[in-house]
1. Under 13 Å from the Cβ of B:VAL14, count the other residues' Cβ atoms, weight Lys and Arg +1, Asp and Glu -1, and hand me the total.
2. Over the stretch B:48-122, one equal point on each Cα, no solvent: what is log10 I(q)/I(0) by the Debye formula at q = 0.13, 0.23 Å⁻¹?
3. How much accessible area per residue does chain A have, counting only protein heavy atoms and a probe of 1.4 Å, in square angstrom?
4. Viscosity 1.306 mPa s, temperature 10 °C: what is the translational diffusion coefficient of the stretch B:427-485 from Stokes-Einstein with a Kirkwood Rh over Cα pairs, rounded to a whole number of µm²/s?
5. Distance cut-off 32 Å, Cα to Cα: go down the list B:LYS234/B:LYS365; B:LYS234/B:LYS312; B:LYS312/B:LYS474; B:LYS369/B:LYS454; B:LYS166/B:LYS350; B:LYS76/B:LYS365 and report the pairs above it.
6. So, in Å, what gap is there between the alpha-carbon centers of the stretch B:111-135 and the stretch B:55-84?
7. Rounded to the nearest percent, how much of the accessible area of chain A (1.4 Å probe, protein heavy atoms only) is carbon and sulfur?
8. Calculate for chain B the 222 nm mean residue ellipticity that helices alone would give, adding -39,500 (n - 2.57) per DSSP H run of length 4 or more and normalising by residue count, nearest 500 deg cm²/dmol.
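The values are calculated or read from the model by the stated rules, or taken from the named source; none is laboratory data. What you see is a predicted model, and the numbers here were worked out from it, not measured in a lab. We place every Cβ from the backbone using ideal geometry, glycine too, and count neighbours over all the protein chains shown. Accessible surface is based on the protein model in full, side chains and every heavy atom, while ligands, DNA and RNA are left aside. Shrake-Rupley method; radii C 1.70, N 1.55, O 1.52, S 1.80 Å.
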Amino acid sequence: MSLDKNDVKKIAFLARIRVPEEALEPLAGELSNIIGWVEQLSEVETEGVAPMTSVADMTWPRRADTVSDGDCAADVLANATDPEIPSGDANVGGFYTVPKVVE
Amino acid sequence: MSYIIEGKTGDWEVVIGLEIHAQIISQSKLFSGAATAFGAGPNTQVSLVDAAMPGMLPVINEECVRQAVKTGLGLKAKINLHSVFERKNYFYADLPQGYQISQYAEPVVGEGTVVLDMPDGGSREIGIERLHMEQDAGKSMHDQDPKRTFVDLNRSGVALMEIVSKPDLRTPEEAGIYLRKVRSIVRYLGTCDGNMEEGSMRADVNVSVRKTGETELRTRTEIKNLNSVRFVMKAIEHEAQRQVQAYDNGEEVVQETRLYDSQKGETRSMRSKEFAHDYRYFPDPDLLPVELTEDEVEAIRASLPELPDETKQRLMDDFGLTPYDAGVLVAEKETVAFFEAVVEECGDPKLAANWVINQMPRELKRSGKSIENSPVSPQNFGKLLNFVLNDTVSTSAANTVIGIMYVDGDDPVAIIKDKGLEQITDSGEIEAAVDQVIAGNPDQVADFQGGNEKAIGWFVGQVMKSTGGKANPKMVNELLRTKLKG
């Protein structure tokens, strides 16, 4: 499988990564190379082999339903400064703030 | 029950499927130990996992899985012993991870069935496509500041079940009945509180229309985030009309997400995001597949409470109630519990059903209370019915008593005594009242004696009035007939 310029443009948009127009073509080549390299794995015969979900032989760790975390709003908001809020204090009323999103 | 929209180019039927998002009842979140309680201060129930801090790892809350399985069993559905959490990738301010952990290709619950009780007494089976677990996003508030959106992550990571129906629903009313039924089932099970006002249950509705007789499905639209049964029904009506008009005008219906505006009573397109449906699901590498054993599932099955359909059948079999009455009683588990306690007290299920279905909601509404904080105990409710059964009070006096019970206090004995509402069964006293009415109304007497038998009702009313509603109506009737004919 190889990617063209438009595929790269779409992937970049979905990932919210800004890619200049002139970088699309070279990126398409590089990404296609990587995919081609990984695709060698498909040469291995895997018919009837169940997908392996982990290299460690273990089952899903379970957590009991008890409240053991949270109640740390100050930590959660510690990095959330917002220059748009006049006070310079992002923790307006204890919320995160972001540029207005209205659907 | 058919629902046909007459368009310019012919008759159209509506095809509806519902996706119900139901918050799982649990103490802590699906992947973190933060609390789930409603109404806490902003961002106080957020762990570093829920805020998606780098390097934080999710660990599955086993109780949430059990609750999802329990719900699946309640929906008579296939339980998948092996299921997988995947990442659904999209960007939004209230989704700190940049993806929602959900189940996609391998959900925990497969196909099932919900039986609807239709108003005509019949029933309809609606297929369940699947039920999967997923985490909720945070909450955005757009009205706090002119330029900023505020985000509270308390809901972020709370466990949800998404219950997806097959496109088996054909009318707005059926969709409403289906939503109510699923709500009733999860509330009986104790897996979701069903509180639509607090957002613990909401629905996305898929709607398409097709000419009657067509067997293929046409393009559907999805109306997101409806938080009441009424809105679900209204939104379907409007959206179906809109689609019929589009086809009639030679336009196409575009597959898109729409929002219902309850103020304007219309649906409108959400600003369509390019590639909006390209979620690039893939198994979450941070989580191992959920593996359950037959024994675990059987243990959950053994713990299932009686469900609405079973309770309804039991009320019909044991008490001889009509399907309609039994259906009304079982819709809310609190109502049926109250009803059964009333029956225990008074021993007459039909009278109890009648009063619990009619008088109880009326009095609760009048006193501004709900059945959860009912001012009247089922024991006192039943005691009052006993007084009706043994002729201590007339039905009309009992109606007065119950009104007082719901407002002032709840002991019927005291109220009846206090207000002097014991039924008059002393024939002498009733006879005096009857004589007085007959003597005072010669015209009506002549009317009756002239052959208008129906006039008896008027006389009964007059006697009841003059005795303050306390005379035994049966005795009044008999005395009147004897005397008027004599």
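1. Values: positive: B:ARG170, B:ARG210, B:LYS211, B:ARG218, B:ARG220, B:ARG242; negative: B:GLU6, B:ASP11, B:GLU13, B:ASP168, B:GLU173, B:GLU174, B:GLU214, B:GLU237, B:GLU239.
So the surrounding residues net to -3.
2. -0.57, -1.08
3. On the way: 7620 Å² over 103 residues.
So chain A comes to 74 Å² accessible per residue, rounded to a whole number.
4. Values: Rh = 11.1 Å.
My calculation gives 143 µm²/s for D.
5. The answer is B:LYS312/B:LYS474; B:LYS369/B:LYS454; B:LYS166/B:LYS350; B:LYS76/B:LYS365.
6. The distance from the Cα centre of the stretch B:111-135 to that of the stretch B:55-84 comes to 19 Å.
7. Numbers: 4360 of 7620 Å².
After summing per-atom areas, the C and S share lands at 57 percent.
8. On the way: 16 runs with 189 residues, N = 486.
Computed mean residue ellipticity for chain B: -12000 deg cm²/dmol.
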